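Here's the structure we're looking at; comments come further down.
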Amino acid sequence: MTANKPSLYEERCRLAQSVMTEDQIDYLFIGPGSELHYLTGTPGMENERMLLLVIPQSGQPAMIVPTLEKLATSKYATYFDLLDWSDSTGPQSRLTELLGAAQGREVRSAVGAHLWSLFLLELQRTLPKSQWTTANDVLRKLRIAKSAEEVSLLKEAAAIADRAFSELIELPFAGRSERELMGEVNRLLLKHGHEQMLFCIVGSGPNGAQPHHHTGDRIIEVGDAVVLDFGGSYHGYCSDMTRTVVVGKPADSEFEQVYNIVNEARAAAHRQARAGVSCESVDAAARQVITEAGYGPFFVHRTGHGLGMEVHEEPYIVEGNPLTLAPGMVFSIEPGIYLPGRFGVRIEDIAIITAEGEENINHSTHQIVTVG
Ligand code: ZN
Ligand code: ZN
């Protein structure tokens with residue numbers, strides 16, 4: 001751990017506390033996952049044993065941890081107390097110790113999205129007079145615009161995905177199952193620098209027409225279009241890219257036409273994306289291209305989502321979201337056209353809003369690639 005890391009997490013906690021003061025939130029409760037990772041440097045261990053970061057509006061934060069996690073967690077405990085509990089005692093006495101003074105009061109509590117309902121119910125029994133809200137409103141203000149350090153981690157994550165893709169398209173596809181290809185994607189993401197793979201969609205032929213196809217046993221055939229959507233994490237920050245390739249022979253004219261429309265929609269969204277414009281206007285830029293080409297009903301999802309320590313986070317690039325883009329915001333642009341029973345095309349890159357405009361941090365080709 002470098003010397004400046006503790007101050008980074010402590011600074012984030014102080015910022016959270018100042019937002020809590022503005023929003024009149026008395027307690028923030030965060031369980032294992034990316035929210036905890038963001039605030040402490042560790043995602044924690046997610047299981048049925050309570051591990052909970054408790055940040056009061058002012059004063060000293062604390063983390064309730066199972067005794068068996070105490071040693072592993074102690075190196076991250078740079079600004080909060082560690083209160084451990086054993087399997088024989090349970091966490092309740094620690095909760096009472098921390099929150100006892102608030103038990104009879106009408107407080108406002110914000111709960112992280114990743115906190116299991118099991119623990120929320122326990123908290124609700126401990127603070128029966130509390131009002132409950134989501135911690136997302138507090139954390140969004142901290143996390144929606146990325147720092148320079150976060151941007152550089154996201155750029156490296158994107159570069160890893162690009163390198164994995166460039167090697168992937170040299171491999172044979174025809175005659176292999178989607179699941180086998182998924183294994184190759186996972187292997188290449190790790191080989192090129194991801195610490196963990198997070199998801200992989202291999203949607204071949206008609207399966208590509210389901211945007212979130214569950215990669216399965218279908219054998220990839222010559223002539224198939226294959227949607228490849230994958231990502232992993234690097235120091236807690238995610239990659240997420242999609243390319244659609246054709247197998248064994250040049251694309252037919254219909255595929256090429258659909259592909260070019262998606263690619264033009266993608267480019268139009270990138271041109272629109274800059275500080276000062278709304279999220280929904282970026283969605284509209286992509287959607288207009290697809291709608292004017294007559295494929296509007298086949299673009300069945302939003303244009304993009306924010307990316308950071310989570311694969312899907314704010315800002316959402318979707319109709320009805322008036323949020324104004326600002327420097328440091330990072331999100332996907334991923335239009336698609338899905339023709340049921342036939343094939344799908346999606347192309348996805350990650351965009352960063354800068355002071356000057358927008359930077360596309362994926363560099364893999366947007367031309368149609370034919371694989372073997
Ligand atoms: Zn994706
Ligand atoms: Zn995505």
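What the table shows:
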{"read-out": "Criterion violated by Phe331 - all others in (1) under 18 Å from Arg271 (Cβ atoms); (2) near ligand 2 (Cβ under 10 Å from one of its atoms); (3) assigned to a loop (DSSP other than H, G, I, E, B) satisfied", "value": "(3)"}
{"read-out": "Restricting the stretch 192-213 to residues that are more than 16 Å from ligand 2 (Cβ to nearest atom) and outside any loop (DSSP other than H, G, I, E, B), the residue that is surrounded by the fewest Cβ atoms within 10 Å (Cβ to Cβ)", "value": "Gln196"}
{"read-out": "Only one of Val345, Val289 that is in a strand (DSSP E or B) and among the aliphatic types (A, V, I, L, M)", "value": "Val345"}
{"read-out": "Number of the condition not met by Glu254 [criteria: (1) closer than 26 Å to Ala351 by Cβ; (2) more than 16 Å from ligand 1 (Cβ to nearest atom); (3) over 21 Å from the mean Cα position of the chain (by Cα)]", "value": "(1)"}
{"read-out": "Lys146 vs. criteria in a loop (DSSP other than H, G, I, E, B), within 28 Å of the chain's Cα centre (by Cα) and charged (D, E, K, R)", "value": "yes"}
{"read-out": "Answer residue from the stretch 297-328, given it is away from ligand 2 (no atom under 16 Å from the Cβ) and touching a Phe, Trp or Tyr at 6+ places or on another chain (Cβ under 9 Å) and is nearest to Leu154 (Cα to Cα) among those", "value": "Leu325"}
{"read-out": "Residues satisfying the stated conditions in the stretch 324-351, i.e. under 26 Å from Met309 (Cα atoms), surrounded by 19 or more Cβ atoms within 10 Å (Cβ to Cβ) and away from ligand 1 (no atom under 16 Å from the Cβ)", "value": "Leu325, Met329"}
{"read-out": "Matching residues in the stretch 155-191 - criterion: being touching a Lys or Arg at 6+ places or on another chain (Cβ under 7 Å), over 17 Å from Thr365 (Cβ atoms) and either surrounded by 19 or more Cβ atoms within 10 Å (Cβ to Cβ) or not assigned by TED's automatic domain parsing to the domain that holds Glu358 (or both)", "value": "Glu178"}
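The values are calculated or read from the model by the stated rules, or taken from the named source; none is laboratory data. Bear in mind that the values here come from a model prediction, so they are computed numbers and not experimental data. When we count neighbours, we look across all protein chains shown, and the Cβ atoms used for this are built from the backbone with ideal geometry, even at glycine.
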